[in-house]
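First comes the structure, then the notes that go with it.
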Amino acid sequence: MESKKTLNVRSLHHLLAIGATEFPSKELFRFEREGVDYSITYADFYSYVKSIARGFSRNGLGGRRVAIIGETSVEWIATYLATVISGGEIVPLDASLDREQIANFINLANCELFFYSNTHGDWIEENIEKMPNVKAFGRLTDSVFAPFLAEERPMERIGKLSDFAKTGAANPEIPLSDTDPEKMCALLFTSGTTGSSKGVMLSQKNICAVLNSAYKILHQISYDDVLLSVLPIHHTYEMSCGVLAPMMFGATVCINDSIKHISKNLKKYRPTVMALVPLFLEQFEKKIRSSVERQGKVKSFSAGMRLSHLLMKLRIDLRQKIFAQVREAFGGRLRYVVCGAAALKPELVDFFGDLGITVSQGYGITECAPLISVVPFDVYNPKSCGKVIDSMQVFIDKKSASDTYGEIVVKGDNVMLGYYQNQEATDEVLARGWFYTGDYGYLDANGYLYITGRKKNVIVLPGGKNVFPEEIEEYLARVELIEECVVLGREKDGDVIITALIYPNRTLAAEQGLGDEEALQAKLKEEVRLINRSLAGFKQIRRVEFRNEPFEKTSTRKIKRYKLS
């Protein structure tokens, strides 16, 4: 196998070929379907992907633009890769989009093939006339997993992915060669939190830059590791960091078949590494604390946490032994978590660290494929989102030299080609190769990056002062009676009122004798008053609004702020 110091993938085809050569019999994917366990090796998966790609070519559809939607599956991942290695362009779509928007994106992108999971099949096949440019529609999964058979059948406009795979397997003579790594290979429509969808154009060069950097900085991951894929597969964070990056190491990726089954699959697959968003860690922490409380073990758990923390200072690691029972909820083997897509509370890094699970915070954006920075597993820095990866340069664009923060601007091989059919939006964020992220932050003396807020979220007060709502939200999030919160500026009579929108944890409130809504709101307003004492006068919350429903979120669990103004 190539050394970790020298491995440098040039394309996604190269990535697949390395895996098939170096780890041919190693399980790449494990999953369950209809109660039956399946797996596929690195070598067999490579053959499967090549067969699909050859099937595209055999039917005159090689090098085309391919839309795909559905839950994570081997077929979804294979379609993505087969499209790219056949010279085509993949368009992954968010499964939570409404039907009209899905059709609009497919038409806008001029997709000629459309693959989808069975959960979307019926309505898509009933509305094919709304997508006139699509030449072939296909369901991703059969009733059972059957990668391919060496037989050929005529193509119809509506069929199955396996039709292409069978055709390709019957025509192994069709050549496959590396395509131009600098041309667009993926078109991703961002849903984001601002409401303005843009089509991000990524190349294989962009994606491979992320994979090569991740391989170097997260070097503790190895051939023996097992990952559990739980995040939406259409998102570049999950595809790049949760699926493709593990293939660099020869690791095994287990597929979580449903959000409802995470607890079951953690115990079933016993992962050692996971890629998550902060909400998952927050929920895991709450479940652990709730379980400890139900069992009447709060004092012993707290004592164990203190002991664990003290022993680690003395370089004595007994965390796995002390918290063996707690760790069983994660399968008992979880060592590392890479957390991204939103801000992570530093106290969560400490909480899981004391349990023996190292949490590394990263920072990225779809336009950078998506990784920009990450904290190495062997570095403790819970407030930072890491060092910028080695394929990038960074500078902080400050309005004046005296400012402590500014907009984060980056340049490197993983920066997108631009926005699809939107030169104006491209010019707003790209200048001479530098990408303006729209995030504010700063670098410390050691080169570690810190995020202070999102440019579009900044509250500008009449006097010219800027307030980052994320800073205030951090204080509110520490209040256990607050389930979710957003801070924004409400304009009134020429003034800007800093307002906290709060969705209370009413279940916990009832347990604490605050089932009466009036009493709960009074308690939370008192908590806000206490928080204001820690804030500068111009940052203080001047109004509180309570919600009866959770905030609407993106598929990566970020609150859609644009719907709250």
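Segment 402-437 to segment 289-323: how many Å between their Cα centroids? Taking the Cα centre of segment 289-323 as reference, the centre of segment 402-437 is 45 Å away. Amide H to amide H, with H built 1.01 Å from N, Glu483 comes under 5 Å of Tyr503, Asn505, counting only residues 5 or more places away or on other chains. Applying 1/(1 + (r/R0)^6) with r as the Cβ-Cβ distance of Ile128 and Ser96 and R0 = 25 angstrom yields a FRET efficiency of 0.70. The residues of segment 349-488 expose, per residue, 43 Å² of accessible area to a 1.4 Å probe.
Excluding Ile207 itself, what net charge comes from residues whose Cβ is under 15 Å from its Cβ, given Lys and Arg +1 and Asp and Glu -1? Don't jump to the answer; show the numbers that get you there.
Working: positive: Arg10, Lys183, Lys205; negative: Glu89, Asp178, Asp180, Glu182, Glu238, Glu367, Asp413.
Computed value for this residue: -4.
Multiplying the residue separation of Lys264 and Ala401 by 0.36 nm and removing their Cα-Cα distance gives an extension gain of 44.0 nm.
For segment 272-385, carbon and sulfur atoms together expose 56% of the accessible surface, with a 1.4 angstrom probe and every protein chain in place. DSSP finds beta bridges in the chain, and of those with both partners inside it, around 60 percent are antiparallel.
Report the far tail of the P(r) of segment 392-497, meaning the percent of Cα-Cα pairs longer than 24 Å. Can you show the working numbers first?
Numbers: 2260 of 5565 pairs.
Of all Cα-Cα distances in segment 392-497, 41 percent exceed 24 Å.
I want the local charge near Gln295. Using Cβ-Cβ distances under 13 Å, sum +1 for each Lys or Arg and -1 for each Asp or Glu among the other residues.
Details: positive: Lys287, Arg289, Arg294, Lys297, Lys299; negative: Glu293.
Residues close to Gln295 contribute a combined charge of +4.
Only sites in a loop by DSSP and with at most 10 other Cβ atoms within 10 Å count here; which GluC sites (Glu not before Pro) in segment 46-130 make the cut? Numbers along the way, then the final one.
On the way: sites: Glu71, Glu75, Glu89, Glu100, Glu112, Glu125, Glu126, Glu129; in loops: Glu71, Glu112, Glu126.
The qualifying sites are Glu126.
Cα centroids of segment 227-250 and segment 103-124: how far apart, whole angstrom? So the two Cα centres are separated by 23 Å. Taking every lysine pair in segment 1-148 that is 8 or more places apart or spans two chains, those with Cα atoms closer than 23 Å amount to 4. Accessible surface of segment 1-144, 1.4 Å probe: 44 percent of it comes from carbon and sulfur atoms. In the frame of its principal axes, segment 200-356 has Cα extents of 53, 37, 29 Å, reported largest first.
Sorted by average packing, counted as other Cβ atoms within 10 angstrom per residue and highest first, what order do 166-173, 509-516, 521-528, 207-214 take? Please list the in-between numbers first.
Working: 166-173: 18.5, 509-516: 13.8, 521-528: 15.9, 207-214: 24.2.
The most tightly packed comes first, giving 207-214, 166-173, 521-528, 509-516.
Given a 1.4 Å probe and the protein chains as shown, Thr141 ends up with an accessible area of around 30 Å².
Over segment 196-289, accessible surface divided per residue gives 29 Å², non-protein components excluded, 1.4 Å probe.
Other residues with beta-carbon under 9 Å from the beta-carbon of Lys560 carry, at +1 per Lys or Arg and -1 per Asp or Glu, a net charge of +3. Quotient of the Cα radius of gyration of segment 439-565 and 2.2 N^0.38 Å, N being its number of residues: 1.13. Our note on the geometry: Cα centres of segment 356-393 and segment 510-532, 37 Å apart.
Dividing the Cα radius of gyration of the chain by 2.2 N^0.38 Å, with N the residue count, gives 1.00.
The values are calculated or read from the model by the stated rules, or taken from the named source; none is laboratory data. What you are looking at is a predicted structure, and each value in this text was computed from that prediction instead of being measured. Neighbour counts run over all protein chains shown; Cβ positions are idealised from the backbone, glycine included. Side chains included, ligands, DNA and RNA excluded: accessible areas come from the protein's heavy atoms. Shrake-Rupley method; radii C 1.70, N 1.55, O 1.52, S 1.80 Å.
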